[in-house]
1. Loop only by DSSP, 14 or fewer other Cβ within 10 Å of the Cβ. Give me the chymotrypsin sites (Phe, Trp or Tyr not before Pro) in the range 1-77 that pass, ordered by residue number.
2. Round to a whole angstrom and tell me the spacing of the C-alpha centers of the range 3-50 and the range 84-121.
3. Report the charge-dipole magnitude of the range 4-116 in Debye, nearest 20, computed about the Cα centre from +1 at each Lys and Arg Cβ and -1 at each Asp and Glu Cβ.
4. Which value, in Å³ per residue, describes the convex hull spanned by the Cα atoms of the chain?
5. Once you treat every alpha carbon in the range 32-87 as an equal point and sum by Debye, what is log10 I(q)/I(0) at q = 0.13, 0.14, 0.19 Å⁻¹?
6. How high is the relative contact order of the range 4-116, in percent, counting Cα pairs under 8 Å that sit 6 or more residues apart?
7. Can you pull the one-decimal nm distance between simple spin-label points at Asp38 and Glu50, each 7 Å off the Cα toward Cβ?
8. Which longest run of the chain has no exposed loop site in it, a site being trypsin sites (Lys or Arg not before Pro) in a DSSP loop with at most 14 other beta carbons within 10 Å, and the site itself not part of the run?
Amino acid sequence: MNKIKYLIIDDDHIFSKWLKTNIDDIFPDFEHISSRVDTLGGLLDIHRNEPELLFLDQYIDGLSGFDVLDLMKQQPKTIMISSESIDKDKLDEYPNVIGFIDKPVDLDKLKALLQRNGLIS
């Protein structure tokens, strides 16, 4: 079985490391490509590596999460994450956004979201 390649774009190093560690522990069929603290580097990684799944912080230095969504040529399934409120109506404009999760991330909610979208059984 092919592993699901994923990428994290979030300017919080500690959160990114926590998320990667938990995903790697809980979901052995997932393969971490990279964690980026900058949106432009994240866009390059998306283009070069074509992940199936993207964890994208809404509020990052440089471009917003919505800016990243607008600039992506590839459209991986995307989970928006933020510790602040987000315009959930605007999320509906992006068919590749499969959900939004508040920080701190509840791993049970993450698992349920991945199950609903066919990424795990």
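1. Within the range 1-77, the qualifying chymotrypsin sites (Phe, Trp or Tyr not before Pro) (loop, at most 14 other Cβ atoms within 10 Å) are Tyr59.
2. First find each Cα centre; the distance between them is then 15 Å.
3. 300
4. Details: hull volume 11.7 nm³, N = 121.
With only Cα atoms used, the chain gives 97 Å³ per residue.
5. Each listed q maps to, in turn, -0.27, -0.32, -0.59.
6. On the way: 173 pairs, mean separation 26.0, N = 113.
Relative contact order here is 23 percent.
7. That separation, rounded to one decimal, is 2.6 nm.
8. 4-72
A short reminder: the numbers here are calculations on the coordinates, not readings from a lab. If you're wondering where the values come from, they're calculated on a predicted model, not measured in any experiment. In this analysis, Cβ positions are derived from the backbone assuming ideal geometry, glycine residues included, and neighbour counts consider all displayed protein chains.
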